[in-house]
Structure formats: structure tokens, C-alpha cells
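One structure is given here, and the rest of the page talks about it.
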Amino acid sequence: MKIVIAPDSFKGSISSEAAAAAIEKGIKRFLPNAVTVKVPIADGGEGTLDSLFASADGRRVTVQVTGPMGAPVLAEYGVLSQSGVAVIEMAKASGLCLVEADERDPLRASTYGTGELIKSALDDGCRDFILAIGGSATNDGGAGMLQALGMRLSDGGGSQVGHGGGELGRIAAIDDSEWDPRIAESRFVIASDVQNPLVGPEGATHVFGPQKGASPGIVADLERNMTVWANTIERKTGVRLHDRPGAGAGGGIGGAFLAFFPASFRRGIDVMIEHSNFRNALRGADLVITGEGRIDRQTASGKTPMGIAQEARKAGVPVIALAGSVGPGTELLHEHGIHAVFSIVNGPMGLQQAMDGAAALLEQVSEQVLRTFCINCKPDSQS
């Protein structure tokens, strides 16, 4: 029996690589001779680089860049061997994971380091990019990233503005005379499932600002500043980002890419499948096991388990999904190739207990899922 293991991370608990290893361990308890192929998956957020490199060859490049709060950090990008595509994960340079909870401040947090990562990859000769823009600590509309790549952002008096969402309201002019010309020669694919516009009640600030440390008062200030920034971009480029789907991704960096880069948005899971070995792994497979922290009706909008199931369905391979918690609406998933959904929680327990024990829980449930799946299997198929 051949089983493909393709989970996303269980966010805040266990990485996709660790989840895949735990699932494999559970499978091997029951079927020690089963052929297992691990394809850890991410959907464009934190962990995208590691997930890609778990199933694709390439090289990693480590660079010192400016972290989200201004202190230097070591960040890395990857270059895939087969395609030469550079993979930039925003969270590596400008991520919420780099900031302690009591230090989060979207008024100051900047995407400058993400721009430095892109510049390093351009210096390295890269011209094709995948940009994973989830997990950011920022709400600066991508302004810092633009500044790192040569864009001059100035106030009404002609002085350059500083970094962070608190500075966006001061921007009166955009000077692209020193903008890196190599960007026009390149291609940028934005891996993101976020459809939020740049401003408004569903925009970057109102939806994502609070988790980045913004109080209600700060949210109001950031929203005013982001609106000024959107107006300035529209005057400069003619591109209206205010209500543009995806412009609010990554604290508004999605809008900066749409306005100033030759960029296109793609569903994160589709990008991952294209550049991983998942399609090859499906050949001859009898079962796919996927999963993530929570599965509910929102999963059907294009999250990792849904993308995995849609691809597996083309190959005629059944899919079972595992989750830390299972919410309402999972019946929708059965119509799209997920045959069954199981929670890994095996009894009453607190959230932290479940998160801390995720590996053991995944291992245990995976064994039981395989025992059920194989009830009617012929003995010679259980190897």
C-alpha cells in the first residue's frame, strides 16, 4: 500500500514536517511495510519555504536584513534547483514570529527587510519569484519594502518618511527615479489566499491589525494612514487598491505588489502543489492523508486540505483529513474529494494540552484511521 502524507502545519502547535512525521509513525505502527511519501504543505504563509524544500531540491541563502521592529535579523530565501525560482517568505524577514507579544506595534513595524531579501535575490541573478506573504507583523502597506528597493517616499516638505504604518499618513509623494530596474525584468507570483481589500471594514487594518498589536484607537489611526497611502498610490499609478481583492494581504504588501510589480496572485496551495512533488507522489497511491489545525466550512474556500483533495481527486485517490478541531460545514468537503474528516483530540482536554500533544495525538489517530481504511483490504495490499 502506498500512502501520501500531505498535511499543513497545525498553527501554533506543530509544523507541517513534524505533522507528516507523526502521521507516518502512526501508519507504520499498523502497516510497517507500507510505502509512505511525505509532502509537507503550506499555503503561502509561515513555513512555506521549509515545506517546499522538504519535497523539492534547491539551495538556501541566508542574509542579514532589517527585522520588523528595526533590529537586524538573519533571514533566508530559497532558490529551487529545477526551475531557478526564488522563494521569498515574508515571515522570515517581517514576520509576527520575530516579535515578542508585548513588543508588537504595527505603527512601527516595517516590511523593509522583505525588500532587502528581494534585493539580495535579484543580486543573485533571480528573476522569477514566489512571494509567500502570510504571517506578517506589519501594517505598512508594503512601503518599507518599496523603500528598500529604491522608492523614495516623502512628506509635503520633501523629506523622506520613516518606517511603519504610523508613517503612511505623512506620505505626499512617491519618487520612483531610483526604483530597481531589474524588477521590471522579473516575474512575481504572490502566494496568498487572502482576498481582503486594502482599506475598509474588511481591509488589512481592521481585520488583521488587532492580532499584530493594534488597540481600537491604533486601528483607527492605521486605517486613516492606509487610506492616505492608497490615495497616494492611485495618484501615482492610476491603480486603485482601496477595494481591490488581495491588496490587504500581508498588512497591505499585496497592494504594493499589485501597484508597482509585474505580479499576479495565485492560491497558495496551487503554487505549493506546482512546485512540490505532490503530483508525482500521487502516482500509484492508494490513499492521501492531509490535515491542519482546524477544518470547517472555511476549508472549502481553498485551504490546504481542499487543494490537496482537488488534486488527488483528479488522480482518483481517496483523501482523509485530520484536524485539531472540526467545525460545522465539513459536509461541504465531501463534495470536493475529502472522504472523511477526523479530529485528533481523543478526550476532554484544554487547548494548550491538545497543542502540546499534537504529535502523539496525530500518531494515534493515524493508526486508527488506517485500521479502519483497511478493514476490507486484501492481506497482500496491507504492505
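The values are calculated or read from the model by the stated rules, or taken from the named source; none is laboratory data. Please read these numbers as outputs of a predicted model, since none were measured by experiment. Heads up, the Cβs are rebuilt from the backbone with ideal geometry, glycines too, and the neighbour counts pull from every protein chain shown.
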Item to complete: Could you list, in sequence order, all residues of region 144-162 that are out of contact with any helix residue (DSSP H, G or I) (no Cβ under 7 Å at 6 or more places or on another chain) and crowded, with 19+ Cβ neighbours inside 10 Å?
Response: MET151
Practice prompt. Take region 116-161 and flag every residue that is touching a residue at least 60 places away in the same chain (Cβ under 8 Å) and more than 20 Å from TYR77 (Cα to Cα).
Written response: ASN139, ASP140, GLY141, ALA143, MET151
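From GLY324, GLY307, GLY284, GLY291, which residue is in a loop (DSSP other than H, G, I, E, B) and either of a type in the set (Gly, Ala, Ser) or outside the structural domain of GLY250 (by TED's automatic domain parsing) (or both)?
Details: GLY324 fails: in a loop (DSSP other than H, G, I, E, B); GLY307 fails: in a loop (DSSP other than H, G, I, E, B); GLY291 fails: in a loop (DSSP other than H, G, I, E, B).
Just one listed residue meets the conditions, GLY284.
Evaluate the following for PRO72: is it surrounded by 18 or more Cβ atoms within 10 Å (Cβ to Cβ) and at pLDDT 95 or above?
On the way: surrounded by 18 or more Cβ atoms within 10 Å (Cβ to Cβ): no; at pLDDT 95 or above: yes.
Spelling it out, it is not the case that PRO72 is surrounded by 18 or more Cβ atoms within 10 Å (Cβ to Cβ) and at pLDDT 95 or above.
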Worksheet, complete the sentence: Within region 107-132, restricting to residues that are in a loop (DSSP other than H, G, I, E, B) and small (Gly, Ala, Ser), the one that is nearest to VAL271 (Cα to Cα) is GLY125
Practice prompt. Exactly one condition in (1) surrounded by fewer than 19 Cβ atoms within 10 Å (Cβ to Cβ); (2) assigned by TED's automatic domain parsing to the domain that holds ALA191; (3) among the charged types (D, E, K, R) is not met by GLU89; state its number.
Written response: (1)
Worksheet item: Mind checking whether some residue in region 21-37 is more than 20 Å from LEU362 (Cβ to Cβ), in contact (Cβ under 8 Å) with a residue 24 or more places away in the chain and either in the same structural domain as ALA323 (by TED's automatic domain parsing) or in contact with a Ser or Thr (Cβ under 9 Å, 6 or more places away or on another chain) (or both)?
Response: yes
Item to complete: Give just the number: which of (1) surrounded by fewer than 21 Cβ atoms within 10 Å (Cβ to Cβ); (2) under 24 Å from the mean Cα position of the chain (by Cα); (3) under 14 Å from ALA256 (Cα atoms) does GLY141 not satisfy?
Response: (1)
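Go through region 345-383 and report how many residues are of a type in the set (A, V, I, L, M), surrounded by 13 or more Cβ atoms within 10 Å (Cβ to Cβ) and at pLDDT below 90.
Going through region 345-383, the residues of a type in the set (A, V, I, L, M) turn out to be 345, 349, 351, 354-355, 358-362, 365, 369-370, 375.
Retained after the next criterion (residues that are surrounded by 13 or more Cβ atoms within 10 Å (Cβ to Cβ)): 345, 349, 354-355, 358-362, 365, 369-370.
Cutting the leftovers down to at pLDDT below 90 gives us 345, 349, 354-355, 358.
Matching residues across region 345-383 total 5.
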Practice prompt. Residues that are touching an Asp or Glu at 6+ places or on another chain (Cβ under 6 Å): find the helices (runs of 4 or more DSSP H) completely inside region 16-106 holding 3 or more of those.
Written response: 16-30, 48-55
Response to the item:
Restricting region 39-61 to residues that are in contact with a Phe, Trp or Tyr (Cβ under 9 Å, 6 or more places away or on another chain) and not basic (Lys, Arg), the one modelled with the lowest pLDDT turns out to be SER55
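Test GLY144 against the stated conditions and say whether it is within 24 Å of ASP243 (Cα to Cα), small (Gly, Ala, Ser) and touching a Pro at 6+ places or on another chain (Cβ under 7 Å). Before you say what the answer is, go through the steps one by one.
Values: within 24 Å of ASP243 (Cα to Cα): yes; small (Gly, Ala, Ser): yes; touching a Pro at 6+ places or on another chain (Cβ under 7 Å): no.
The answer is no for GLY144.
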Discussion item. I'd like to verify a number: residues in region 101-115 that are buried (at least 24 other Cβ atoms within 10 Å of the Cβ) and either under 10 Å from ALA137 (Cα atoms) or among the polar types (S, T, N, Q) (or both), how many?
Written reply: 5
Discussion item. I'm checking my understanding of the structure. Among residues of region 234-287 that are surrounded by fewer than 18 Cβ atoms within 10 Å (Cβ to Cβ) and of a type in the set (Val, Ile, Thr), which one is farthest from the chain's Cα centre (by Cα)?
Written reply: THR237
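From the residues in region 319-344 that are of a type outside the set (A, V, I, L, M) and closer than 20 Å to MET272 by Cα, which one is surrounded by the fewest Cβ atoms within 10 Å (Cβ to Cβ)?
Quick first cut of region 319-344, residues of a type outside the set (A, V, I, L, M) only: 324-325, 327-331, 334-337, 339, 342-343.
Now restrict to residues that are closer than 20 Å to MET272 by Cα: 336-337.
On the way: HIS336: 15, GLY337: 21.
Applying the filter and picking the extreme gives HIS336.
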